[in-house]
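Asks: I'd like to ask you about the structure that follows.
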Amino acid sequence: MYSKQTTVVNKAGLHARPASEFVMKAKSFTADVTVRNMDKNGAAVNAKSIVRLLGEGLGTGTKIEIAAEGADEKAAVDALVALVDSGFGE
Amino acid sequence: MQLKGNGVSGGIALGKVYLYKAFQCNVTAGTFKQGEEQHYLQQWADAKTAAQAELEEIIRSMTAAGNDKAKIFTAHIEILQDEEIDELVTNAIRDKQSLPDWAIDCAFNEFIELLSGANDLLIAERVADLRDVRARLLRVLKGEKEKNLSQLSEQVIVVARDLLPSDTATLDRSKVIGIVTEVGGATSHSAILARGYRIPAVLGVPGATDSLQDGTFVVLDGTSGLVLTEPTDDDVTTYKKKQADYLAQLAAEEEFLHKDAALRCGQRIKIGVNLGNKSTPENFVGSDFVGLLRTEFLYMGSDHMPTEQEQYEAYKLVVEHAEGRPVTLRTLDVGGDKTLSYLPLPKEDNPFLGKRAVRLCFELPDLFKTQLRAALRASAAGPLQIMFPMVGSIDDVRRAKAFVEEAKAELDARGEAYDKHIRLGVMIEIPSIAAIADLVAKEVDFASIGTNDLCQYLCAVDRMNPDISDYYQTFSPALIRVIGQIIEQFDAQGKEVSMCGELAGDARAAILLAGLGLRKFSMSPSSIACVKQALSRFTLQEAQQAAATAKNLATQQEVFDFLASCGK
């Protein structure tokens, strides 16, 4: 298990295109990946499910924790944090 | 309630609404016997595969058509492949013996509920995507195809957001008695089709698919552009009377159909027909020539680039059906709103100002010359002339003519027969070519005025956009003057000019056009009788006086008022 925390910085939040990109990136790893809304102290949800991710309503400014478990867990978390921090090119 | 739109095809229809919309399915709770889990899991897997194949096909054809909405369907594929939805459905089937439709419905409902709670517009939009994917899965699970208009069980008034060329291509004319759409103006594809089929139509009715309920009885007035929901008995009586009057008027015009067209003073006018590709002998009734043979339909109705032989046979059939009437074949005019599935074109920000018609053909010499060879060969079967659409300069005219020379040389090399003196002409539909009509007349054998595009480009109005349809003014003094100048210049050079745009088939314009000097009017077969009747009401002198007056009126409304007073 490996995890990191970050903040959603892009304006649109993890919705629409950014959410799709996030899920697609998560799916490129074999590790199980989850996302947790730290602001709401929510439960960790499957980062490879677009509907689950959208359901979390992770708008701009939300603090999140990305965690992964599996062979490529470190690579997965680092890549996803980097993607979120990049602001999805907005 | 009364809905208002553009009455683009006259006549009255009273009938049931057929909402041409996504599949609707009511799911009820249901389970199966233990032990059959594998069978139902397989059904779920198959439904996903089938739905995905449909979506991929939609994306493929939309992308080929340059439609940027294709990304909506990419999002649908994402939902279809969602792990959590799959898990919920699979668990319900495997552990609770839920029938697949019930399992799908429950799984999607769970997420629809989750997302509906979000105070975010973007997420709310995704709820619509979830519903859409659910409907698609439930439909393919039932083995049903997507709805289309080819298999209707009774006569209906079709209500849709829009009708695409592919919808109208398969539409069953005997069942569709009226058309209502949310988008589209008088010269949209749907409108031209509706008039051609004489189906009363009201287009550009905002929210029509929400306000009109499937199966309810409505009255549609295609002449004034009204749709009445929940009509009273009085309404029904009134409109049945209007319908009878309209049909009687049609019958009166019908008498004119078989007469030669002439003004009251005896001045002869030639009447042409505008045809799509598949001609039948009835298409030619009451006409003297074929002013426009659109060749796009041959390409659009095919899943591959039509071969020279296929085109040759289609063109030859038209020439034969025309029985000696000269046929004006317009070369391929795609791009703009017309796209081909097998010819992906890059998306353009302004397709109507982009690479369409000859501009595209010049870049695809094989395609262009294949069509030209087919057309040339058909000219051996009877009188045929070739016309180039969307030329904007003398350069374009000369380039197109050079292609014809190349095609001729290729046929000569093969020893094929064709009319060595085939006449070549152009559509006048871009203001830049209208402005130099005198120079054009020297380069070509004939021209035809395409008023739809000419008006669109002259007035800078997208004719597909209902929001600005008021700006699309085919009776504007500006267009009248331009048309007058084109005719004058061609007359001065002794070259033939006709008109094949919608204006030529508009009875209100008949006196004006005859007065401007037009002697060849080409229109859809359904307009012929009405225009002949209108022409018969005036002498040449009256028409000339009317045209002279109209040219000096200031606004379109003044032109309308003036023309209405002429009829009295």
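The values are calculated or read from the model by the stated rules, or taken from the named source; none is laboratory data. Owing to the predicted nature of the structure, the values given are computational and were not obtained by experimental measurement. In this analysis, Cβ positions are derived from the backbone assuming ideal geometry, glycine residues included, and neighbour counts consider all displayed protein chains. Calculation scope for accessible area: heavy atoms of the full protein, side chains included, ligands and nucleic acids excluded. Shrake-Rupley method; radii C 1.70, N 1.55, O 1.52, S 1.80 Å.
Asks: For the pairing of chain B with chain A, what total accessible surface becomes buried, with a 1.4 angstrom probe, in square angstrom to the nearest 100?
Replies: Chains B and A together bury approximately 1400 Å².
Asks: At 222 nm, what value in deg cm²/dmol follows for chain B if DSSP H runs of at least 4 each add -39500 (n - 2.57) and the sum is divided by all its residues, to the nearest 500?
Replies: -14500 deg cm²/dmol
Asks: In addition: Hey, can you list the residues from segment B:81-103 whose accessible area shrinks by 50 Å² or more with all protein chains present, relative to the chain by itself (probe 1.4 Å, no ligands or nucleic acids)?
Replies: The answer is B:D82, B:E83, B:E84.
Asks: Leaving out ligands, DNA and RNA but keeping every protein chain, what accessible area does B:D234 have, in Å² rounded to the nearest 10, with a 1.4 Å probe?
Replies: Solvent-accessible area, nearest 10 Å²: 110 Å².
Asks: On to the next question. Given a 1.4 angstrom probe, I'd like the percentage of the accessible area of the protein assembly as shown that is carbon and sulfur, rounded to a whole number.
Replies: Numbers: 14720 of 29200 Å².
The value for the protein assembly as shown is 50 percent carbon and sulfur by accessible area.
Asks: Taking Cα pairs under 8 Å and at least six residues apart, what relative contact order does segment A:2-89 come out at, in percent?
Replies: 46
Asks: Please sort by residue number the trypsin sites (Lys or Arg not before Pro) in segment B:450-510 whose DSSP state is loop and whose Cβ has at most 15 other Cβ atoms within 10 Å.
Replies: Taking segment B:450-510 and a limit of 15 other Cβ atoms within 10 Å, no loop trypsin sites (Lys or Arg not before Pro) are found.
Asks: Please tell me which of these pairs span more than 18 angstrom C-alpha to C-alpha: B:K369/B:K420; B:K147/B:K175; B:K355/B:K520?
Replies: Beyond 18 Å: B:K355/B:K520.
Asks: List the GluC sites (Glu not before Pro) within segment B:253-331 that fall in a DSSP loop (any state other than H, G, I, E or B) and whose Cβ has at most 11 other Cβ atoms within 10 Å.
Replies: B:E323
Asks: Give me the dipole magnitude in Debye, nearest 20, for segment A:1-81 about the Cα centre, with unit charges on the beta carbon: positive for Lys and Arg, negative for Asp and Glu.
Replies: Magnitude of the dipole: close to 260 debye.
Asks: So for the pair A:K74, A:T60, with labels modelled 7 Å out along Cα→Cβ, what separation do we get in nm?
Replies: Here the answer is 3.4 nm between the modelled labels.
Asks: Let me ask you something else. How about B:K96: which lysines have a C-alpha closer than 23 Å to its C-alpha, ignoring those fewer than 8 places off in the same chain?
Replies: By straight Cα distance, B:K96 reaches B:K33, B:K48, B:K142.
Asks: Which of the aspartates and glutamates could a cross-linker bridge to B:K259, judged by Cα under 16 Å and excluding same-chain residues fewer than eight apart?
Replies: Of all the aspartates and glutamates, those that pass the test against B:K259 - Cα under 16 Å, at least 8 places apart if same chain - are B:E282, B:D288.
Asks: Cross-link partners among aspartates and glutamates for B:K242, C-alpha distance below 16 Å, same-chain residues fewer than 8 apart left out?
Replies: Straight-line reach from B:K242, under 16 Å: B:D221, B:D233, B:D234.
Asks: Where only protein heavy atoms count, and the probe is 1.4 Å, what is the accessible area per residue for chain B in Å²?
Replies: 45
Asks: DSSP loop (so not H, G, I, E, B), at most 15 other Cβ within 10 Å: list which trypsin sites (Lys or Arg not before Pro) in segment B:258-338 pass both filters.
Replies: Sites meeting the loop and neighbour criteria: B:K259, B:R264, B:K278.
Asks: Using a 1.4 Å probe on protein heavy atoms, which residues of segment A:7-31 have at least 10 Å² less accessible area in the complex than alone?
Replies: Residues losing area: A:A12, A:H15, A:A16, A:S20, A:K27.
Asks: On a C-alpha basis, how far is the centre of segment B:69-96 from the centre of segment B:500-555 in Å? Whole number, if you could?
Replies: Rounded to whole Å, the Cα centres lie 60 Å apart.
Asks: Counting pairs on different chains as well as pairs 8 or more places apart, how many Lys pairs in segment A:2-89 have Cα atoms under 20 Å apart?
Replies: Lysine pairs satisfying the spacing and distance rule in segment A:2-89 number 18.
Asks: Along the Cα-to-Cβ line of B:D470, 7 Å from the Cα, sits a label point; which residues in segment B:551-565 have backbone N less than 18 Å from it?
Replies: What the label zone holds, given the 18 Å backbone N cut-off, is B:555-561.
Asks: Still on this structure, I have one more. Of the beta bridges DSSP finds with both residues in the protein assembly as shown, what % are antiparallel, to the nearest 5?
Replies: 45
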